[in-house]
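Report on one structure; see the data block that follows.
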Amino acid sequence: APLPGQSREGKMPSAGLEAGSNKVDVAIDLGNPLLNRTVDGFLKIGAVGACRVAAEDAFDCLQSGSVSKHKLEKTLEKMCKEGAYWGAVAGVYVGMEYGVERVRGEYDWKNALIGGIASGALISAASNNKGNKIAKDAITGGAIATAIEFINYLT
């Protein structure tokens, strides 16, 4: 991640796979920094959401001592749903934060705060929440995004 005040314009969505000394990298350039970052957030966090489901379901299968075609199909279905949901949340947040950065013309923690608030409110409203629930989700989104920004700055 760039330091405060540095530009992040050239970032493209990318993924890598490494096994031993062999490494494969894939980068996608959609021709627009906003789209690049949004897709990057979707892919990275979506993969984390899908892997979480896979790990939990694998643990459940190990504990129960049984695996079936039906369980595998359900796990795959849950992986897709969770991956798409968390990927969409990440994509919205990354897009919002980048938009705020572009409007303000600065790269600092305030972009994370504003992007988190806007994302929390938007996602909450899209989930058919009303009034106070949207406000709580906006505050939560802003707090989480700001805390992560500060943690990233410290490391």
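Where a number appears in this text, it was derived from the coordinates with a stated rule and is not lab data. Source: prediction; values computed, not measured. All Cβ positions, glycine included, derive from the backbone under ideal geometry; neighbour counts span all protein chains shown.
Annotation for region 99-133: trypsin sites (Lys or Arg not before Pro) lying in DSSP loop with at most 16 further Cβ atoms inside 10 Å of their Cβ are Lys130.
In region 108-155, one over the average inverse separation of all distinct C-alpha pairs is 10.6 Å, which is the Kirkwood hydrodynamic radius. The phi torsions of region 62-72, fed into the Karplus equation with coefficients 6.51, -1.76 and 1.60 and a -60° offset, translate into couplings of 5, 5, 7, x, 9, 10, 9, 4, 4, 4, 5 Hz, rounded to whole numbers, with Gly and Pro shown as x. Both numbers refer to the Cα atoms of region 47-155; Rg and Dmax are 17.6, 56 Å.
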